[in-house]
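J.: Just dropping this structure here.
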Number of protein chains: 2
Amino acid sequence: MNNAMNDTATEYRTPDGAPTDIVIFTITSRERLSRKKSLPIRELKVLLIERGKWPFANQWALPGGFATETETIHECAKRELREETGVEGIHIEYFNVYSSMGRDPRGWMISHAFFALVNEAYLSNRKAADDAAGVKLVPVSEALEMPLAFDHNRIIRDALEHIRLKMLTTTIAKQFLPKEFTMSELYQVIETVVPDFVEKNFIRKITSTQSRKGILEVVKDAYGNSKGSNRYSQRSAQLYRFTEYQPQLSIYS
Amino acid sequence: MNNAMNDTATEYRTPDGAPTDIVIFTITSRERLSRKKSLPIRELKVLLIERGKWPFANQWALPGGFATETETIHECAKRELREETGVEGIHIEYFNVYSSMGRDPRGWMISHAFFALVNEAYLSNRKAADDAAGVKLVPVSEALEMPLAFDHNRIIRDALEHIRLKMLTTTIAKQFLPKEFTMSELYQVIETVVPDFVEKNFIRKITSTQSRKGILEVVKDAYGNSKGSNRYSQRSAQLYRFTEYQPQLSIYS
DNA sequence: TCAATAGTGTCTATCAGACATTATGCT
DNA sequence: AGCATAATGTCTGATAGACACTATTGA
């Protein structure tokens, strides 16, 4: 049995670096021009930075940077996320490694790709400062069409596929929402990430279906009265929040 | 914005190697002693090799090896799998990276972990040759208790968590089954990987539930008669096979 | 006949999905 | 009143889950 692990590593050429790339997703929302009280237009965007140096100078790329030997890949990603957006404690998740030959003209680079989900509110203050510094939020559909540095188009495509799956099978939607939200906000967030999501009786299912009602809970005020919001409509809508509960999905049951 | 990606990589210390580790799962089945025609005892096992050299000489470890610059990490894993088990075209999937400091006394090693699901039949011929060469199949529960090399206990634990989730949400069960199988075989495989899986009306659900009946199809012979097997019972059981269909799971519908 | 597995009948509460209808409250 | 959003009523057929029951056939 020929097992390279039994040999010393020094016989081999070693990688020239272990960078991380982070696909930072956010959902922006803006009021519709026509009316004040109506559901906002939401858009899924990804944060890109403009490269200053070779390679791919002046091209747009994903934020990221090289890992050092004193940190794990995950710690590196968290650090880069903090440096790029100034936020911490945000949902960040590893999803794939990119290592094809020639993906980086600087040498043999094994890149570790993460995605992060950031609430628009966290980025808003940061945004003004970044406008001057070659940082922008781009609608995902546009980003996929741009000529990005390295294999970053591919990485964004893969990340998008991941968060679409996760949006439907986990409660990551909460990353894009305030703590308390209305059903139509939740529905819009899901729709924004997964465009072909259609669920006619959405409210009913969540609220009156035995097996699913554990996901959300009604928000009540100090007196036990249920709390509503009329941000988007005249009639106020019930506010909900996510619980800790994550349903077990199975194709066999 | 301090972005390391804009600097040249050569300013930094580089990793000493990019190994892959592969958690090769298989399900062994053996006849119950008491009776010939009865459901076999199935066990989830993982393939371990005995290390010959420093570090962790004579300790058991996951198979794997160093990637070279001319192959991707995924290609490396496939190659190692082929070298260890002699099989190709098997389900192999990347699931995490391990990079904590000091995980490998040889230096800064960023290890990429895969799991592979191999049908017992593929390994059986190989097994005799390997017995002499420090290769063995160990029940997963035992492997987790053994003092394995590196952080391989952790890697196996993570891999197990992954395949448990995948067993219930995808059709990877087919990797452990022959092309045509009975319901009780399928049920046993699921049970073996996910011990607390209980589904009383299993057969009925798969066969008569609109939304799920696309997963499996009844096997028919050349004359269109449905085909059965009486390997495990006197009364012959209907044979099924997986279709290409994978149901979409969602917590919201 | 028994043992071991395979498969069906039947019942109830719940759910999915469609569609119509009503509620709220600002302009 | 008109409007946009929120929420409920009502119907049909499908499903989940439980449990009892019948079927098959080698030893």
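Values in this text are rule-based calculations from the coordinates and carry no lab data. No experiment lies behind these values; they were computed from the predicted model shown. So basically every Cβ, Gly included, is an ideal-geometry build from the backbone, and we count neighbours across all protein chains shown.
J.: Report, for the range B:19-169, the % of DSSP beta bridges that are antiparallel, rounded to 5.
T.: Antiparallel: roughly 75 percent of the beta bridges in the range B:19-169.
J.: If contacts are Cα pairs under 8 angstrom and at least 6 residues apart, what is the relative contact order of the range B:19-169 in percent?
T.: Once normalised by length, the contact order is 30 percent.
J.: Give the calculated FRET efficiency between B:Glu199 and B:Asn153 to the nearest 0.05, with a Förster radius of 41 Å applied to their Cβ-Cβ distance.
T.: On the way: r = 31 Å, r/R0 = 0.75.
For R0 = 41 Å, the calculated efficiency reads 0.85.
J.: A follow-up question, please. Tell me which GluC sites (Glu not before Pro) from the range B:53-162 have a DSSP coil assignment and no more than 12 other beta carbons within 10 Å of their own.
T.: B:Glu88
J.: Straight-line reach from B:Lys37: which lysines have a Cα under 18 Å away, not including same-chain ones fewer than 8 places off?
T.: In chain and number order, there are no partners.
J.: A further question on this structure: Search the structure for amide H atoms under 5 Å from the amide H of B:Gly65, placed 1.01 Å from N in the peptide plane, and list their residues when 5 or more places away or on another chain.
T.: B:Thr20
J.: Taking amide H atoms as placed 1.01 Å from N in the peptide plane, list the residues 5 or more away in sequence, or in a different chain, whose amide H sits under 5 Å from that of B:Val23.
T.: Excluding prolines and chain starts, which carry no amide H, the hits are B:Phe114, B:Phe115, B:Ala116.
J.: So what is the calculated 222 nm ellipticity per residue for chain A, using -39500 (n - 2.57) for each DSSP H run with n of 4 or more, over all residues, to the nearest 500 deg cm²/dmol?
T.: -8000 deg cm²/dmol
J.: Still on this model: If each residue's Cβ is checked for other Cβ atoms within 10 Å, how do B:Asp16, B:Asp104 rank with the fewest at the top?
T.: Fewest-to-most ranking of B:Asp16, B:Asp104: B:Asp16, B:Asp104.
J.: Follow-up question, since we're still on this one. Spin-label point model (7 Å from Cα, Cβ direction): what's the B:Glu83 to B:Tyr122 distance in nm?
T.: 1.8 nm
J.: In which sequence would B:Thr85, B:Thr14 go, from the one with the fewest C-beta neighbours within 10 Å to the one with the most?
T.: In increasing order of surrounding Cβ atoms, one gets B:Thr14, B:Thr85.
J.: Take chain B, connect every pair of alpha-carbon atoms lying under 10 Å apart with a spring to form a Gaussian network, then pick out the residue of B:Val189, B:Val218, B:Val140 with the largest mean-square fluctuation.
T.: Taking springs between Cα atoms under 10 Å, the residue moving most is B:Val218.
J.: For a footprinting-style exposure proxy, rank A:Ser236, B:Ser111 by other Cβ within 10 Å, fewest first. The partial results should precede the final answer.
T.: On the way: A:Ser236 13, B:Ser111 24.
Sorted ascending by nearby Cβ count, the order is A:Ser236, B:Ser111.
J.: If I take every Cα pair under 8 Å that is 6 or more residues apart in chain B, average their sequence separation and divide by the length, what percent do I get for the relative contact order?
T.: 20 percent
J.: Report the antiparallel proportion of the DSSP beta bridges in chain B as a percent, rounded to a multiple of 5.
T.: That works out to approximately 80 percent antiparallel.
J.: How many partner chain Cβ atoms sit within 10 Å of a residue's Cβ in peptide A:57-69, on average, as a whole number? Kindly include the intermediate steps, with their values, before the conclusion.
T.: Working: counts 1, 0, 0, 0, 3, 1, 3, 3, 7, 9, 6, 5, 12.
Mean number of neighbouring Cβ atoms from other chains: 4.
J.: What FRET efficiency do you get for B:Glu71 and A:Val218 if R0 is 56 Å and r is their Cβ-Cβ distance, rounded to the nearest 0.05? Don't skip to the answer; put the middle values down first.
T.: Values: r = 54 Å, r/R0 = 0.97.
So the FRET efficiency works out to roughly 0.55.
J.: Describe numerically, in nm with one decimal, the distance between label points set 7 Å from Cα along Cα→Cβ at A:Tyr94 and at A:Ser29.
T.: So the label points at A:Tyr94 and A:Ser29 sit 3.4 nm apart.
J.: Provide the per-residue ³J(HN,Hα) series for the range B:163-170, in order, calculated from phi with Karplus coefficients 6.51, -1.76, 1.60 and θ = phi - 60°, each as a whole number of Hz, with x at glycine and proline positions.
T.: 6, 5, 5, 5, 4, 8, 10, 10
J.: Could I ask something else about it? Considering only Cα-Cα distances, which of the following residue pairs are longer than 19 Å: A:Lys45/A:Lys136; B:Lys179/B:Lys200; A:Lys166/B:Lys179; B:Lys179/B:Lys220; B:Lys179/B:Lys227; A:Lys45/A:Lys174?
T.: B:Lys179/B:Lys200; A:Lys166/B:Lys179
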